[in-house]
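What follows draws every value from the coordinates through simple rules; no lab data is involved. The structure presented is a predicted model; accordingly, all values stated were derived computationally and were not measured. Ideal geometry is used to build each Cβ from the backbone, glycine not excepted, and the neighbour counts take in all protein chains shown.
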Amino acid sequence: MGNEFGVVDVKRGETVFAPLTRSVQHLIDATIRSEVDDETICEARALIMRATELLAGQQLPGSFGVQPTTDGGTVAWGNVAVGLRNPIAPPLVIHHDADGSVYTDIDLGAAYEGPAGHVHGGVCALILDHMLGATAHQPGNPAFTGTLTVRFVQPTRLGSLHAEARVDRHEGIKTFAVGHIADADGTITVEAHGVFIRPNKPSSG
């Protein structure tokens, strides 16, 4: 994971673990769509079991959580939306604009299917929850989802998607955010608005 002190080496993660994650993503896609014969499946299963044994040789005792890095930052590489080491994460690469809005461009394949040929609604909700939260969250001043309302305008086709979000307003400890997902044609398929809560900071007295 990192060095002997349990601090994550970001460069190692990006050069060693990220390619491993992509390989497992390719494996998931191949598993879903494979039409090979039974003998080949048994051979592949044996190889996967061996790979699992190798990777399980040394593991974290629980989830990845948020880990400190060697450059003084933190990473959440197990996160289901953005985790560099989570093969079921799309993952989302969040871009921040100067006005505080955020956007991401992603490509969702067979692993994210709900209705035939389309993205599962729960996956759309996951993406928008994270995107809206990314606008509300500020370094040292986190915000957590209070409510999330999702409106499915029309089915979202698998493939290239664009998602964006922005803060609508602030009211005390609440931040109101809005966002949407659009398909490759630029058609908005899912809209969302959410309320994000900033925990009260404990008093110094």
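Tabulated data
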| item | result |
| --- | --- |
| Summed side-chain charge close to Asp183 - residues other than Asp183 whose Cβ falls under 12 Å, Lys, Arg +1, Asp, Glu -1 | -2 |
| By average C-beta atoms within 10 angstrom, highest first, the peptides 49-57, 79-87 | 79-87, 49-57 |
| For Glu43, net neighbour charge (Lys/Arg +1, Asp/Glu -1) across residues whose Cβ lies under 12 Å away | -1 |
| Kyte-Doolittle mean at least -1.0 and Cα axial length at least 24 Å: DSSP H helices in the chain | 38-55 |
| Mean separation of Cα contacts under 8 Å, 6 or more apart, over the residue count of the chain: relative contact order % | 16 percent |
| Label corresponding to Rg/Rh (Cα atoms, Kirkwood Rh) when calculated from the structure given, among (i) 1.38; (ii) 1.02; (iii) 0.93 | (ii) |
| Built amide H within the under 5 Å cut-off of Val7, gap 5+ | none |
| Backbone N under 14 Å from the Asp9 label point (7 Å along Cα→Cβ), restricted to the range 64-81 | 69-71 |
